[in-house]
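The structure under discussion appears below in the form of structure tokens.
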Amino acid sequence: MKNQVQAKYFSPFFKYFYKRVREILPQDVQSAVDAFVIRDEPFTQCDINVVISISGVFAGRSVMGMDTRVALELAEIMSGQPIDSFEEDAQSVISELMNIIVGNAVSELGLTINQIKFTPPTLFYSRAVKTRVSESGFTLMRQMKTGWGKIEFNLSLEQTV
């Protein structure tokens, strides 16, 4: 049987999404973060989506989606080298950013490997692909707008019993 997860489990994920992206972006391209939104549909459709599935004391998915231009700029800044196309190196850097966000959140929650597991990031690069965020239909989303486009972080969690 599954139940709604307490808000305290959601907070660290959004905290580290905001914190890590703000650490990377130069001050002059940072923009406001939109308020939390409850997604009406279980899918997100961005140019690039990175998915990490979560299981254990709660189960669900985290999906970070963004415009291609944002991904290229983030990858270039993080890698410290010019990146012209969203190929293997850029994909690896963006996937690692998602891994860092989820890893930091799980660490803050104080959960052990026996209490929670998460998959390696899976990256989808195509606006034509709708990425499923939630099986239950309840997804919380927060979006950051930059000078290059948007980045959104979607989270769907259910407590397992």
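What follows is calculated from the coordinates using simple rules that are stated; it is not laboratory data. All values derive from a computational prediction rather than experimental measurement. Reconstructed Cβ throughout: ideal geometry from the backbone, glycine too, with neighbour counts over all protein chains shown.
Quick one: how many lysine pairs does the chain have with C-alpha atoms less than 29 Å apart and a gap of 8 or more or different chains? Give me the count, please.
Final tally of qualifying lysine pairs is 20.
Which whole-Hz ³J(HN,Hα) couplings does the stretch 139-144 yield from phi under the Karplus relation 6.51 cos²θ - 1.76 cosθ + 1.60, θ = phi - 60°, glycine and proline marked x?
So the J values, rounded to whole Hz, are 9, 9, 9, 9, 10, 10.
Among PHE43, ALA59, ALA75, whose Cα projects farthest towards the positive end of the dipole of the chain, with charges put on the beta-carbon of Lys, Arg (+1) and Asp, Glu (-1)?
Value: ALA59.
Any chance you could run the full-extension gain for ARG20 through LYS150? It's 0.36 nm times the residue separation minus the Cα-Cα distance, nm to one decimal.
45.3 nm
Using only DSSP helix segments of four residues or longer, with each worth -39500 (n - 2.57), what per-residue ellipticity at 222 nm results for the chain after dividing by its residue count and rounding to 500?
Helix contribution divided over all residues of the chain: -11000 deg cm²/dmol.
Hey, could you pull the Cα Rg and Dmax for the stretch 86-159, both in Å?
That works out to 14.1, 41 Å for Rg and Dmax.
Quote the charge dipole size of the stretch 48-161 about the Cα centre in Debye, to the nearest 20; the model charges only the Cβ of Lys and Arg (+1) and of Asp and Glu (-1).
Dipole of the stretch 48-161, to the nearest 20 debye: 480 debye.
Compute the semi-axes of the equivalent ellipsoid of the stretch 44-87, taking the square root of 5 times each eigenvalue of the Cα gyration tensor, and list them largest first in whole Å.
27, 12, 7
Mind pulling up the Rg/Rh value for the chain? Radius of gyration and Kirkwood radius, both on Cα.
Rounded to two decimals, Rg/Rh equals 0.95.
At a threshold of 8 angstrom on Cα-Cα distance, excluding pairs fewer than six apart, so keeping six or more, what relative contact order does the chain reach in percent?
Relative contact order of the chain: 43 percent.
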